[in-house]
1. Could you list log10 I(q)/I(0) for the range A:271-355 at q = 0.18, 0.27 Å⁻¹, which the Debye formula gives when each Cα is one point scatterer?
2. Karplus couplings for the range B:72-81 from phi (6.51 cos²θ - 1.76 cosθ + 1.60, θ = phi - 60°), rounded to Hz, Gly and Pro as x?
3. For B:158-168, what's the mean count of beta carbons from other chains sitting within 10 Å of each residue's beta carbon?
4. Viscosity 1.567 mPa s, temperature 4 °C: Stokes-Einstein D of the range A:2-95 from its Kirkwood Cα radius, in µm² per second?
5. For the protein assembly as shown, count the residues as N, evaluate 2.2 N^0.38 Å, and divide the Cα radius of gyration by that value, please.
6. Can you grab the distance from the C-alpha centre of the range A:247-311 to the C-alpha centre of the range B:63-103, Å, no decimals?
7. How many angstrom separate the Cα center of the range A:142-187 from the Cα center of the range B:123-179?
8. Starting from the 7 Å offset along Cα-to-Cβ, what nm value, one decimal, do you get for the label separation of B:Ala122 and A:Leu858?
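A short reminder: the numbers here are calculations on the coordinates, not readings from a lab. Everything numeric here is computed off the predicted structure, so don't read it as measured data. Counting neighbours? That spans all protein chains shown, and the Cβs are built from the backbone with ideal geometry, glycine included.
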Amino acid sequence: MAKISVDGIKYEVNAANNLLQECLSQGLDLPYFCWHPCMGSVGACRQCAVKQYRNAEDTTGTLVMACMTPVTDGGLYSIQDSQAVDFRSHVIESLMISHPHDCPVCEEGGECHLQDMTQMSGHNYRRYDFQKVTHRNQDLGPFINHEMNRCIACYRCVRFYGDYAGGTDLVALASHHHVYFGRHEEGTLESEFSGNLVEVCPTGVFTDKTFSAHYSRKWDLQTAPSICTGCGAGCNTTPGERYGSLRRVVNRYHHDLNGYFLCDRGRFGYDANNSAERVKEALFVQAQINGNAEVPARKPLSATEAARQFNAMAGGDVIGIGSPRASLESNIALQQRVGAENFYPGINDDELASAREVLALMREPGLHCPDIRSLEQSDCVLVVNEDLTNTAARMALALRQATRNAATTMAAAARIPAWQDAAVRELAQHERSPLIILSPQGTRLDDVASDTFLGSVARQVQLLEAIAHCLDPEYSVSSRDPSLTSRAKAIAQALSAARRPCIVSGISAQSTALVRASGNLARALQKARKGDADAPVGLCFAMPEANTLGLVLLAESTGNTLSGALQRLAQKRADAAVVLENDLFRRAATAEVAQALAGHTPLIVIDHLHNAFNARARLLLPAASPSESNGTWVNYEGRAQSAYRVFAPAEPVRAAYEWLTPADPVLLPSISSEEILAQFADAHSAFAVLKDLLPHRLGLSAVMKSPRQLPRYSGRTAMQANSHVHEYRQTQDPQSPLSFSMEGVPLQKDASLLSAAWAPGWNSNQAISKFQDEINGELRQGCKGVHLLQSGQAQASYAPIVLPSEGDLAPYFIEHLFGSEEISAKAVAIQARTVGPYACIGEALAQTLGVAQHGRILLKAGERQVQLPVLIRQRIAPGSIGIYCAGELDRYSLAGGVTVEAVPEAPDLLLRSREMFRHLVISDSWQGRDES
Amino acid sequence: MLRLLKDTLVSQVVTLWKVFLHAFDKTDTVEYPDVKPQMFSRWRGRIILSRDPDGEERCVACNLCAVACPVDCIALQKAEDEEGRWYPEFFRINFSRCIMCGFCEEACPTHAIQLTPDFEMAEYVRQDMVWEKEDLLINGTGKYHDYNFYRIAGKKIGGKDKGEARNEAVPVNVRSLLP
């Protein structure tokens, strides 16, 4: 702690930080551009100049850049000094010299950091009458708009894109006042985090292209705190709605999870909400007489009819199949409707088994599940099998930062403060903390990895066991491979040398052996580190969907599996089946699902997007999407977080829990999500902590609510005037702490929840600093979520492992950030980045088969045959074949093992596959003889 | 008694006489609607959307009028043509709420929205007071004849490339090595 004085007022500040950061922490307004709370200082823009005085007698002082000035105890500074104010106003004037006078047609207008800082610095009128520098824009793909004229050359974009996120295709080009931020040629930005440029850029150079297509100003968006449902990381988001459609998603700061950044799936996947494939009405299949024959026809029902029909059908012995992409409330409502013994988790049996293993490991006291921030602070990370960039991208970004901890340590030794970004990077050069990646194919983190091991799941398990054996000689290896010993020793050494080692894996391979082997290694490591007992070994598993863990926890009391449900359906041992937000064709082998459907048990599906499975439903009920309904989501750490509905969907669309709860649609009002959660928490001690999510919802909210709309929300009396000139009543939300209005607890005071960050003078998302207790600190309001997993008894022994048997050609399944997740894949912008199914093989296999790059192979698994375009990669595990299913192929029928044959090349198909692979960002695609 | 008579009766008679004399005064009443009053050009009446000197829609759908409106009676949606020009997909004013304050005109950065001296806006049906873009858009520049926002703003639109706006240099050649 240091005591400083700014403009005569004394503050206690953290001496480890720079002056700008501490001034902002104290709530002072000091303009800045190039500094970013997560990226430190480089002193590029000269906007944060303040006066520094040597002592109390010094009345002249010197101008210093606050972001480059370390805080010193007893320091005397002035922000208001006239010379400093004058200097800042001249700096902004020079930055604005070539600014193109296009705020009215700029997507950033109204939430622009440059506008805010210009106002703050007092530059009002343009005096420069000479020619403005102009630039040509580039087409940067489906996500990002480029308008280079607006650039003020703060370098934040390239510092984020390159230095922070590891992208290589956005650079600063040219020099002096011609400097240009773009790609070497037009084309899609490759980084999975390119969307953050929208928020990182202080002006409108990089704007959200999807948002621009249905643009609204920030003040016109109705927003609510929400949770991203793209994967299991649980990032906090703020979706915005206008005129009944979802317009965009921006980051919502969460100290322990996403911090300031989101991945592109989370940011641009929202558009699925506006998809043409939305289920907008209740559909019921009735026999219709057509001539002489009775033909089943789908007919729309009104909401009341649909609810009646649902009640009529869902009586008696009903099977309920839950969903990992539905909220906890909806799953609870289904479970209560059908009874726990009839509630089946709607995920594949292998995935379920893996997730149950994960739960057991996470409850083990010696191990600790790191949040994303802790991952960033880890000094040695072992990634097991999971392609994190494609399954939980925000975690991959955190691991990239973790490799910089070596640099921070070096800087500390050289007495360079960590916020001196350029200096720290210069000092460290390519020195990185160890990041070891075990994977069947090259990953997007390979560029910062200290060691990569390419091997099939079985090989990885063998290696994990060998490492565990190195750490703890008592650990008995199930099958020894001497070729792995030296490698295992090196990895064991790196892990045991680390102070905060982490093992990161996932369940996308759906292999219990892998989960167990990772757990065993963590136990062995913990045992080997017994001297350092207060820093437990980090072990976490990425979850494929937003509520996978919540669903597994809910179904934990019974041993029910999806195949059990499908068998019951096939054998007609149920009166009806209710399937909640789930496409079972993605969850089990097609034959198995088809057999279940052949049982002709009345099938009710509640979903928000049409798919192949719910097309077979007798009754299809339209569900609200995650942003249209309240919900609790359990992320990969077992952290339950509340998301609030951003807007109410048009009738007859309802939240799934509303369809599931009312006994009588007319007499009983539908139950609120808060009531479902409260009753459930009361009834089940394991979920009692869920009540901690509720006080915010039920307490103060009875008196005063937080507004979902910003104070300057416009057009209230004209938005719907075309249909009816009298204003409609605002949507009521009695139980929630948020109201569908602009009235309520002023946002900047003490609202219990933060939807859109806005503070006077701070219209951009950078206003978040006004809500943190210090920069990069906890939010002063809002709930961080509750942990549902409590430590259980210590498990002393290692779990036994059965090495998965693999044939000559072991298939592994490729995941893609764009396309693998069912819902976001329906967003138009995401679709522009997706590819169809393909197979991935190594050079050796390609040569044996005689297949050229992007040619075709025939994949055979049992009786199943499929032709796939081929991507030949340099970095792929020997004897493995990667298969990308794209939601079209049935992975479960291929998982057992495949054989391949070459298919004669067809030029038109080759051209088509080549076009398709253009969208893939693969750094190690083979550039062999075919490319000439 | 006499004094009372003088104070009351005489006063009344005089008043009547004065009223009678007014019958020969020049009339102040305007025979509206046969005679239309002369309005000042800056009078704040019916709102219009104007076109720029090139005949294109001036409105760029920036939403500033909507946010300035104290009764929130303006709603619009931005759209963009293939060449980058912004325009309102719909532009709606609920005149039954409008208080003719003129804030929208002051807020407008392109001189698109203007108040006119027309005040004859009565309707029998309130719904008819909701005006859409087709009702609001006129074929002229309104009060401001010369201003053309896109000739000044740096955004590229159809017919105006980068570097062709006012005070703009030709676009930088990033690959040039010259200073």
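1. Log-scaled intensity ratios, in q order: -1.04, -1.22.
2. For the range B:72-81, the Karplus curve yields 6, 9, 10, 9, 8, 9, 6, 9, 9, 7 Hz.
3. Details: counts 0, 0, 0, 2, 7, 7, 1, 6, 3, 8, 8.
The mean count of partner-chain Cβ atoms within 10 Å per residue comes to 4.
4. Numbers: Rh = 13.2 Å.
Roughly 98 µm²/s, to the nearest whole number.
5. Numbers: Rg = 33.2 Å, N = 1111, 2.2 N^0.38 = 31.6 Å.
The reported ratio for this selection is 1.05.
6. Between the Cα centres of the range A:247-311 and the range B:63-103 lies a distance of 31 Å.
7. Comparing the Cα centres of the range A:142-187 and the range B:123-179, I get a distance of 27 Å.
8. It is 8.5 nm.
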